Structure formats: C-alpha cells, structure tokens
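The values are calculated or read from the model by the stated rules, or taken from the named source; none is laboratory data. The shown structure was predicted, so the numbers you read here are calculated from the model rather than taken from an experiment. Every residue, glycine among them, receives a Cβ derived from its backbone with ideal geometry; neighbour counts consider all protein chains shown. SASA here: full protein model, heavy atoms, side chains in, ligands and nucleic acids out. Shrake-Rupley method; radii C 1.70, N 1.55, O 1.52, S 1.80 Å.
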Amino acid sequence: MFSLLSLMSCGSQKPMVDDIDVSTAIVDNDIVLQLSADLGIGNLQLPTASFPIILPKIGKEIGQISLGISPDGTNELKMEVNVSEAANLELAAVRLPNGSVLPLINDNPVLKIPLGKATVYLSLAPGAEAVGIAIPIRTFDAIGQKVGTSALMPVFNKNGILGAAGVFTS
C-alpha cells in the first residue's frame, strides 16, 4: 500500500519521515487504516493535538489524527480512519491548499475530508491506495509571501512504504 504523508514544516530536502508504519485491522466488519510516523523535523516540536476525522456531508466521525512528542523527544503523527465508512463517498481530483499537485497521488481521484484547517486525502483507487495529510501552520505564511506558491515534498521509502513529506507555501 502506498502512503502519502504531506506536512507543512521546516527542514532540509532530506525526507522528513524517520520511521513509518501503516497497517489495517478489521473492527466490527469495517476496515480500519492505522498510520504511525516519526517525523525528523529538526528542533521544531509539534504541538500535542488531536483532531477527529468527520465526514463533512453526514457529520459522522470515522477516525482521528494525533500529533505529539514521544518520551524520547521525537515528533509523532498517528492516524486511524475507518476506510469502509469513507469508501462510498464521492471521489474528486484535488490539490494542496496552495494549488500544487498532491505528491504521489497526482490527479487520481481522492476523498477530501476537512479537519478544520487541516485536510485528509484518501485515495482508494486500485494500485494507487494512499493517505495524505496537509496541516497548514500559520507561522509559515510569511515564507509563502516571500517565495510564492511552492511545494517541496521529497519522496521516501521506509519499511516498504513509499511516501512524501515536506513543505508547501502559498
């Protein structure tokens, strides 16, 4: 399964994902996707936060995204989403909030699930299964004003999972 992890953060051009694990489980006859990633983003520490994943049209919670710091000081991102609940939704071609193409997903149809200002992207197309997360960070708005619209998303391959993580500005 391909996995995409798109984050806004600062750092170098090296992949920002130190470790990643993606698995599925059957819970009450539904397929639940679980993603856990350790992020190598230098001295920047993400805030501890948790966001429910709610289907916009029906208001049903189908998962959760959590950001936090591990006991050893590593930034962690965890996501759990019931893909069975999301599978019957309308698919569309989408872009990052700044208009750039989603890394690895490109123009494949995806589900776009808003989480307040953050967005989860799910691609369930055969051979192009992917999950993407875009988290805008207001502090970096000034960067976008100086460099314009850009997306720097180096590709990584960790634990047999192909992904991309990086910075987008607008």
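Here are some notes:
- Modelled spin labels at D21 and N106, positioned 7 Å past Cα toward Cβ, are 3.2 nm from each other.
- Under-5 Å amide H pairs with K158, H placed in peptide plane, nonlocal only: G163
- Those aspartates and glutamates that a straight Cα-Cα span of less than 16 Å connects to K112, excepting residues fewer than 8 apart in one chain: E61, E80, E85, E90, E129
- Cα gyration tensor category, rounded, prolate or oblate, for the range 44-86 with a/c compared to 1.5: prolate
- Using R0 = 22 Å, the C-beta based FRET efficiency linking S66 and L162 works out to 0.45.
- Loop-resident sites, the range 28-132, for GluC sites (Glu not before Pro), counting at most 13 other Cβ within 10 Å (DSSP): E90
- Among the protein heavy atoms of the range 22-104, carbon and sulfur supply 50% of the accessible surface, probe 1.4 Å, non-protein parts ignored.
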